[in-house]
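Before any comments, here is the structure.
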Amino acid sequence: MKSLSISSVVSCHICPVRFMLEQNIKNNCESENYTLAKQISYHLGEELMPGEIWDEIMLINPKISSESNELFNSWIRKCILSSWPRASQNDIRVSSEKLGIYGTIDRFFDSKPHIGLTRLSPAPENGVYKADRVRSACYSLCAKESLKIDADEVILEYIPSGISRICTVSPRDRRDALSAIRIAKKIISGKTPVKNKNLPCENCYLKDKCSKGPVKLSELL
Ligand code: SF4
């Protein structure tokens with residue numbers, strides 16, 4: 001079985017039906033929000049020069065919209081107000097053969113916490129999102145296996161809010177990650193996930209593509 005990306009594991013944690021639907025969506029297009037956040041993240045830890053970073057964004061995506069320029073200005077203004085550690089490396093691919101997952105660490109630091117993950121969503125009021133805890137657990141497990149480092153603390157960098165939060169990975173987070181990996185593998189090998197009342201359908205971008213009907217996830221567990 002081919003390895004799973006960590007983002008797909010997180011998707012499966014959020015909703016197994018969403019994971020299944022996304023298997024059939026081929027999306028090679030980078031979102032404008034991703035381009036903005038990623039390019040800002042490359043400059044964190046140094047003096048942030050909005051004009052310079054915007055010029056780079058224009059080189060990467062010359063067709064970027066004027067709405068994205070407004071968004072960029074609001075994000076960078078917030079990022080300038082915080083202090084950020086400087087990364088020693090960007091975009092380090094890590095994987096776990098044991099778990100069959102892989103991902104790319106956005107920013108890597110020589111001292112603890114070693115892992116910095118760029119997020120495109122605004123920060124929650126407190127702490128980090130549950131999905132980001134599962135994401136952090138996956139990266140922590142991959143970093144231990146690939147880089148032989150202890151990475152139980154992960155920095156989530158919420159670029160739209162200009163703030164970062166530390167996630168200390170707990171046994172529960174690792175358990176949730178393992179459960180999502182197990183379910184994802186079952187779906188890939190042919191099981192059909194089903195809906196239940198607790199899924200976040202209201203805010204789901206796939207709700208129009210999703211058939212209706214009550215379902216249980218228990219058969220996948
Ligand atoms: S609409 Fe609900 S069941 Fe369907 S993919 Fe989204 S969250 Fe999952």
Practice problem: Return only the number of the condition from (1) within 16 Å of the ligand (Cβ to nearest atom); (2) within 17 Å of the chain's Cα centre (by Cα); (3) not in a helix (DSSP H, G or I) that Glu30 does not satisfy. | Solution: (1)
Quiz item: Just wondering, is there one or more residues in the stretch 108-131 that are touching a His at 6+ places or on another chain (Cβ under 8 Å), of a type in the set (A, V, I, L, M, F, W, C) and farther than 20 Å from Cys12 by Cα?
Solution: yes
Exercise. Search the stretch 180-207 for residues being without any contact (Cβ under 8 Å) to a residue 60 or more places away in the chain and polar (S, T, N, Q), and hand back the single one that is farthest from Val154 (Cα to Cα).
Key: Asn196
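Could we say that Ser136 is among the hydroxyl-bearing types (Ser, Thr, Tyr) and out of contact with any strand residue (DSSP E or B) (no Cβ under 6 Å at 6 or more places or on another chain) here? Quick ask: steps written out before the conclusion?
Values: among the hydroxyl-bearing types (Ser, Thr, Tyr): yes; out of contact with any strand residue (DSSP E or B) (no Cβ under 6 Å at 6 or more places or on another chain): no.
Spelling it out, it is not the case that Ser136 is among the hydroxyl-bearing types (Ser, Thr, Tyr) and out of contact with any strand residue (DSSP E or B) (no Cβ under 6 Å at 6 or more places or on another chain).
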Practice problem: Select, from Trp54, Trp84, the only residue that is part of a loop (DSSP other than H, G, I, E, B), more than 16 Å from the ligand (Cβ to nearest atom) and either in contact with a helix residue (DSSP H, G or I) (Cβ under 7 Å, 6 or more places away or on another chain) or aromatic (Phe, Trp, Tyr) (or both). | Solution: Trp84
Practice problem: With the checklist (1) at pLDDT below 95; (2) buried (at least 18 other Cβ atoms within 10 Å of the Cβ); (3) more than 16 Å from the ligand (Cβ to nearest atom) in hand, flag the one item Pro193 doesn't pass. | Solution: (3)
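Going by the conditions given, is Ile149 among the β-branched types (Val, Ile, Thr), surrounded by fewer than 19 Cβ atoms within 10 Å (Cβ to Cβ) and farther than 18 Å from Cys12 by Cβ? Lay out the reasoning, then the answer.
Working: among the β-branched types (Val, Ile, Thr): yes; surrounded by fewer than 19 Cβ atoms within 10 Å (Cβ to Cβ): yes; farther than 18 Å from Cys12 by Cβ: yes.
Judged against the criteria, Ile149 is a match.
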Quiz item: Which condition number does Lys63 fail, the rest of (1) assigned to a loop (DSSP other than H, G, I, E, B); (2) under 30 Å from Ser140 (Cβ atoms); (3) among the basic types (Lys, Arg) being met?
Solution: (2)
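Is at least one residue of the stretch 167-177 within 16 Å of the ligand (Cβ to nearest atom), within 21 Å of Arg93 (Cβ to Cβ), buried (at least 23 other Cβ atoms within 10 Å of the Cβ) and under 16 Å from the mean Cα position of the chain (by Cα)?
Among the residues of the stretch 167-177, not one is within 16 Å of the ligand (Cβ to nearest atom), within 21 Å of Arg93 (Cβ to Cβ), buried (at least 23 other Cβ atoms within 10 Å of the Cβ) and under 16 Å from the mean Cα position of the chain (by Cα), which makes the answer no.
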Exercise. Identify all residues within the stretch 1-21 that are within 15 Å of the ligand (Cβ to nearest atom) and either free of Cβ contacts under 8 Å to residues at least 40 places away in the same chain or outside any helix (DSSP H, G or I) (or both); write none if there are none.
Key: Ser11, Cys15
Quiz item: Quick check: anything in the stretch 112-135 buried (at least 16 other Cβ atoms within 10 Å of the Cβ), more than 15 Å from the ligand (Cβ to nearest atom), charged (D, E, K, R) and over 30 Å from Asn73 (Cβ atoms)?
Solution: yes
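The values are calculated or read from the model by the stated rules, or taken from the named source; none is laboratory data. All of these numbers come straight from a predicted model, not from anything done at the bench. Every residue, glycine among them, receives a Cβ derived from its backbone with ideal geometry; neighbour counts consider all protein chains shown.
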